[in-house]
Amino acid sequence: MTENVKTTLRYYGISPWEIEVLYGFLNSHFTIIQDEIEADDENFVSFLDIDIPLQFNEEFFQWFDFKRWEKVKAVFKEMKRRRGSGNALKIIINFSGNPKIIFTIDIEDKQWFDNALEKIDFVLELLPYHLNPEKIPSDISVIMYKFDSQSIRWRLDTALSENKKYTFRGDSWNEIT
């Protein structure tokens with residue numbers, strides 16, 4: 001993989017200890033840019049947005065190392081545990097690529113929050129199906145996933161092209177106007 005791959009951590013309400021631990025796991029593979037921002041979502045006490053400048057695929061996990069990925073997920077779970085239930089923590093993980101893949105984890109219940117983290121890896125198997133050109137709108141640049149605690153799995157949620165926005169409901173994409 002490439003040298004000097006940069007990742008950005010944008011956050012508020014995250015303790016210096018939590019950032020330091022996360023930094024420790026990411027530092028061996030990334031140059032980290034930290035950006036502590038003002039709280040911009042009154043629904044969440046803490047917020048973390050991570051940009052991973054690589055595609056969400058099997059190669060990423062092999063390069064980054066599955067064990068290290070497990071440790072990063074453990075940090076996220078601990079962050080949630082320390083904040084209790086409710087809308088305490090929102091994490092957004094952005095993977096580059098075409099399309100860009102975004103996971104938003106903002107579940108109130110700690111057990112579902114942890115479950116969502118565990119199941120991100122499972123989306124890898126569904127990606128070829130989800131990104132099938134015959135199934136998605138044309139010229140999509142971003143696909144967003146949301147965890148569905150009813151079905152206990154990640155679901156396609158939103159897709160963006162240069163000037164259109166789509167939402168996924170049932171088993172089809174619908175343009176939002």
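The values are calculated or read from the model by the stated rules, or taken from the named source; none is laboratory data. Worth saying up front: this structure is predicted, and the values here are computed from it rather than measured. So basically every Cβ, Gly included, is an ideal-geometry build from the backbone, and we count neighbours across all protein chains shown. Remember, those area values only see protein heavy atoms, side chains included, never the ligands or the DNA or RNA. Shrake-Rupley method; radii C 1.70, N 1.55, O 1.52, S 1.80 Å.
Taking θ as phi - 60° and the Karplus parameters 6.51, -1.76 and 1.60, the scalar couplings of segment 57-70 work out to 7, 4, 4, 4, 5, 5, 5, 6, 5, 4, 5, 5, 4, 4 Hz in sequence order, x denoting glycine and proline.
The calculated FRET efficiency for the pair SER161 and ASN57, based on their C-beta separation and a Förster distance of 30 Å, comes to about 0.90.
3J(HN,Hα) along segment 144-157, derived from phi through the Karplus expression 6.51 cos²θ - 1.76 cosθ + 1.60 where θ = phi - 60°, amounts to 10, 10, 10, 7, 9, 6, 5, 8, 6, 7, 6, 10, 4, 10 Hz, with x in place of Gly and Pro. Every pair of different Cα atoms in segment 8-64 enters the Kirkwood calculation, which places the hydrodynamic radius at 12.6 Å. Restricting the trypsin sites (Lys or Arg not before Pro) of segment 116-148 to loop positions (DSSP other than H, G, I, E, B) with no more than 16 neighbouring Cβ atoms within 10 Å leaves LYS135.
Under the combined filter of DSSP loop state and at most 10 neighbouring Cβ atoms within 10 Å, segment 85-121 retains none of its chymotrypsin sites (Phe, Trp or Tyr not before Pro).
Please work out the FRET efficiency for the pair GLN111 and SER138, using the Cβ-Cβ distance as r and a Förster radius of 30 Å; give the result to the nearest 0.05. Between GLN111 and SER138 the formula returns 0.20.
Per-residue ellipticity at 222 nm computed for the chain from its helices equals -9000 deg cm²/dmol, with DSSP H segments shorter than 4 residues left out and the rest contributing -39,500 (n - 2.57). Other residues within the sphere of radius under 13 Å centred on the Cβ of PHE64, judged by their own Cβ, net out at -1 (K and R +1, D and E -1). Among beta bridges identified by DSSP and lying wholly in the chain, the antiparallel ones come to about 60 percent. Protein-only accessible surface at a 1.4 angstrom probe places the residues ARG81, ARG155, ARG68 in the order ARG81, ARG155, ARG68, largest first.
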